[in-house]
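Visitor: Could you have a look at this structure, given as structure tokens, before my questions?
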Amino acid sequence: MYESKSQAPVTRAQFMQRVGAHSLVIALLLAGSLGLGIAGYMYFEHLPVMDAFLNAAMLLGGMGPVNAPVTQAGKLFAGLYALYAGLVFIATAALVFTPFLHRLLHKFHWDLKD
């Protein structure tokens, strides 16, 4: 997916395609994670769609739930979803910054004599 140190950096258009591909993966990851959270809150806590969305979005954003879980299953789901949301946050941050950091490092290390 990425060029090696001995290859020239990709063109700006190819780089923008790479950023777009990463953005698509991020969007799919967030949409799937949000859907999972909404479904879990609706099933385990019997919340309406908008309340389930709010709780899932707040956890994915790192803010914490709005409605405290009341059922044992809901508490277990909320805890596991919070741990999952933390990993999604880290993965999303990595996917956002990777193309830019790779390009920056590649430009510094590319040997122009090749």
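The values are calculated or read from the model by the stated rules, or taken from the named source; none is laboratory data. Keep in mind it's a predicted model, so treat the numbers as computed, not measured. As a convention, Cβ positions derive from the backbone with ideal geometry for all residues, glycine included, and neighbour counts pool all protein chains shown.
Visitor: Are any residues in the range 77-90 aliphatic (A, V, I, L, M) and surrounded by 15 or more Cβ atoms within 10 Å (Cβ to Cβ), and if so, which ones?
Guide: Residues satisfying the conditions are ALA78, ALA82, ALA85, VAL88.
Visitor: Further question on the same structure: Report every pair of residues separated by at least 6 positions or lying on different chains whose Cβ atoms are under 8 Å apart, first residue within the range 85-99 and on the phi > 0 side of the Ramachandran plot, second at pLDDT 95 or above.
Guide: none
Visitor: Kindly indicate whether any position in the range 46-57 is in contact with a Leu (Cβ under 6 Å, 6 or more places away or on another chain) and within 27 Å of ALA21 (Cβ to Cβ).
Guide: Looking through the range 46-57, at least one residue is in contact with a Leu (Cβ under 6 Å, 6 or more places away or on another chain) and within 27 Å of ALA21 (Cβ to Cβ).
Visitor: Looking only at the range 1-50, which residues are among the hydroxyl-bearing types (Ser, Thr, Tyr) and in a helix (DSSP H, G or I)?
Guide: Correct list: SER23, SER33, TYR41, TYR43.
Visitor: How many of the residues in the range 72-110 are under 15 Å from the mean Cα position of the chain (by Cα) and not aromatic (Phe, Trp, Tyr)?
Guide: Final tally of qualifying residues: 15.
Visitor: Name the pairs: first residue in the range 1-13 and among the small types (Gly, Ala, Ser) and at pLDDT below 85, second residue surrounded by 10 or more Cβ atoms within 10 Å (Cβ to Cβ) and in a loop (DSSP other than H, G, I, E, B), Cβ to Cβ under 7 Å, at least 6 apart or on different chains?
Guide: Taking only residues 6 or more apart or on different chains, the pairs are ALA8/TRP110.
Visitor: Can you find, within the range 58-76, the residue that is farthest from THR92 (Cα to Cα) among those that are touching a Leu at 6+ places or on another chain (Cβ under 9 Å) and surrounded by fewer than 17 Cβ atoms within 10 Å (Cβ to Cβ)?
Guide: Out of the qualifying residues, it is ASN67.
Visitor: Return the only residue of PHE53, PHE97, PHE108 being surrounded by 16 or more Cβ atoms within 10 Å (Cβ to Cβ) and assigned to a helix (DSSP H, G or I).
Guide: Within the list PHE53, PHE97, PHE108, the selection yields PHE53.
Visitor: Moving to a separate point now. Checking the structure you have, find out if any residue of the range 5-23 is closer than 17 Å to ALA94 by Cβ and among the aliphatic types (A, V, I, L, M).
Guide: Checking the range 5-23: at least one residue is closer than 17 Å to ALA94 by Cβ and among the aliphatic types (A, V, I, L, M).
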